[in-house]
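The values are calculated or read from the model by the stated rules, or taken from the named source; none is laboratory data. Not measured: the values here are computed from a predicted model. FYI the Cβ positions are ideal-geometry reconstructions off the backbone, even for glycines, and counts take in every protein chain you see. Surface accessibility is based on the protein's heavy atoms, side chains included, excluding ligands, DNA and RNA. Shrake-Rupley method; radii C 1.70, N 1.55, O 1.52, S 1.80 Å.
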Amino acid sequence: MTVDSTAARKPRRSAGSKAGTTGTQRTTSTTAKKSADPELVQLLTPEGKRVKHAEYDKYVAGITPEELRGLYRDMVLTRRFDAEATALQRQGELGLWASLLGQEAAQIGSGRATREDDYVFPTYREHGVAWCRGVDPTNLLGMFRGVNNGGWDPGGNNFHLYTIVIGSQTLHATGYAMGIAKDGADSAVIAYFGDGASSQGDVAESFTFSAVYNAPVVFFCQNNQWAISEPTEKQTRVPLYQRAQGYGFPGVRVDGNDVLACLAVTRWALERARGGEGPTLVEAYTYRMGAHTTSDDPTRYRGDEERQAWEAKDPILRLRRYLEASNHTDEGFFAELEAESEALGRRVREAVRAMPDPDHFAIFENVYADGHALVDEERAQFAAYQASFADAEGV
């Protein structure tokens, strides 16, 4: 897999892509309208042209060609890892996988804006943020294989374990931010969630408490347009970032496929938090180019036209065009990155296949402190079920 093909990888079409055409036409027109929103912060156009922004340009004004190449490398390697994990799930090595395809700029830009002493609360799709925080990508896969509940020490990288319960990590982030504020720490907290999670009560409670207590937390919403099969327009009548107004703190919408804009806006929001100015809601307006998870079939609720429109805004191609037009790189850089990308893919495959099979009976442990007759009965039934496979093989 070359770097070019990795950066422009397209999900395979399905014969079922005609399903939901009417809904797709509706959401496509809505998407086009929102993309033209003058309040969308953008520093790099889909064509790779650098544009100025009066308020946020200063946060990336001093960025060097080396740093730009670093952002590109981050996005390419994150996508390569994500593609390998998807393939491993299809081969039966993982139980499930939540792809970040298309959301690399939002995650890398915001992740690189954090300081080492900041604390990050992810959901379950923040593989790019984990990369920025120094978490070994192979450690992300144990949970999806069923061999552990996380695989890394949250305190080692100030990166919390993945959270499956939708939106609950925003409460954890708010509480943590309130704590460090009382301790007088010069650091901030950032909580990631999606457009679907923005409809959860936990998120609303987080907004309330963070505003009242002026907590140093940044709420980073990756609006990828679809909460599984539910479009954003079915969840809200106003842009998501405007919800912050009702709680008394600022909200901003950024082009989530523009890594420079995501970097700049997140730096601004984190500086506000560290400076005692309280919370901020950042809505990264992006797109999930693949499935919600590997158990999902997006062709059942959206069509090719919408996906193709967003593929033209690919965050990796966007930065590559800028690097090439600015003469900030050469073919040697891309060749080296190609080799590094393939090496990462091999390492991930080998690491996953070396992992043990999940302990099928671990689910019955620690359900009750002193045990329970019903759990014992269920364990015995499951043991008989597992034994039936061995008996069948011996026939």
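The figures follow:
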{"read-out": "Net charge of neighbours whose Cβ lies under 12 Å from the Cβ of GLU336, counting Lys and Arg as +1 and Asp and Glu as -1", "value": "-3"}
{"read-out": "Rounded percent of accessible protein surface that carbon and sulfur make up, region 335-395, 1.4 Å probe", "value": "55 percent"}
{"read-out": "Nearest-20 debye value, region 118-227 charge dipole, Cβ charges on Lys, Arg, Asp, Glu", "value": "180 debye"}
{"read-out": "SER326 paired with ASP117, simple spin-label distance in nm, labels 7 Å along Cα-to-beta-carbon", "value": "3.0 nm"}
{"read-out": "Backbone HN-Hα couplings from phi across region 293-310 [Karplus 6.51/-1.76/1.60, Hz, Gly and Pro as x]", "value": "9, 5, 8, 10, 10, x, 5, 7, 9, 8, x, 5, 4, 5, 4, 5, 4, 7"}
{"read-out": "Principal axis box of the chain, alpha-carbon based, largest edge first, Å", "value": "72, 50, 44"}
{"read-out": "22 Å tail of the calculated P(r), region 243-347, as % of Cα pairs", "value": "57 percent"}
{"read-out": "DSSP bridge orientation in the chain - percent antiparallel, rounded to nearest 5", "value": "10 percent"}
{"read-out": "Helix-derived mean residue ellipticity, 222 nm - over the chain, DSSP H n ≥ 4, -39500 (n - 2.57), to 500", "value": "-14000 deg cm²/dmol"}
{"read-out": "Nonlocal amide H pairs with ARG253, under 5 Å, H built at 1.01 Å", "value": "VAL41, GLU283"}
{"read-out": "Cut-off 13 Å between beta-carbons: net charge of the residues surrounding THR293, Lys and Arg +1, Asp and Glu -1", "value": "0"}
{"read-out": "Phi to ³J(HN,Hα) by Karplus 6.51 cos²θ - 1.76 cosθ + 1.60 over region 147-154, Hz, x for Gly, Pro", "value": "9, 7, 9, x, x, 8, 8, x"}
{"read-out": "Overall Cα dimensions of region 106-235, principal axis frame, Å, largest first", "value": "39, 39, 26"}
{"read-out": "Pairwise centroid distance, computed over Cα atoms, of region 205-234 with region 96-129, Å", "value": "15 Å"}
{"read-out": "Candidates per trypsin sites (Lys or Arg not before Pro) in region 197-256, loop by DSSP, up to 14 other Cβ within 10 Å", "value": "ARG237"}
{"read-out": "TRP226 long-range amide H proximity, modeled H, under 5 Å", "value": "ARG288"}
{"read-out": "In order through region 134-139: 3J(HN,Hα) via Karplus (6.51 cos²θ - 1.76 cosθ + 1.60), integer Hz, x for Gly, Pro", "value": "x, 7, 4, x, 5, 6"}
{"read-out": "FRET efficiency estimate (nearest 0.05) - Cβ-Cβ, ALA362 to GLU67, R0 51 angstrom", "value": "0.70"}
{"read-out": "Residues whose placed amide H lies under 5 Å from that of LEU44, excluding near-sequence neighbours", "value": "VAL51, ALA261"}
{"read-out": "Where the chain is the region considered: accessible area per residue in Å², 1.4 Å probe", "value": "45 Å²"}
{"read-out": "Loop GluC sites (Glu not before Pro), region 80-120 (other Cβ atoms within 10 Å of the site Cβ: 11 or fewer; DSSP)", "value": "GLU116"}
{"read-out": "Scattering profile of region 102-166 at q = 0.17, 0.18, 0.27 Å⁻¹ [log10 I(q)/I(0), Debye over alpha-carbon scatterers]", "value": "-0.54, -0.61, -1.29"}
{"read-out": "Extreme residue, positive dipole direction of region 234-354, given options TYR287, TYR241, CYS262 (C-beta unit charges)", "value": "TYR241"}
{"read-out": "Trypsin sites (Lys or Arg not before Pro) within region 112-167: DSSP coil, no more than 15 neighbouring Cβ in 10 Å", "value": "ARG115"}
{"read-out": "Linear extension gain, ASP186 paired with GLU47, 0.36 nm per residue minus alpha-carbon span", "value": "46.2 nm"}
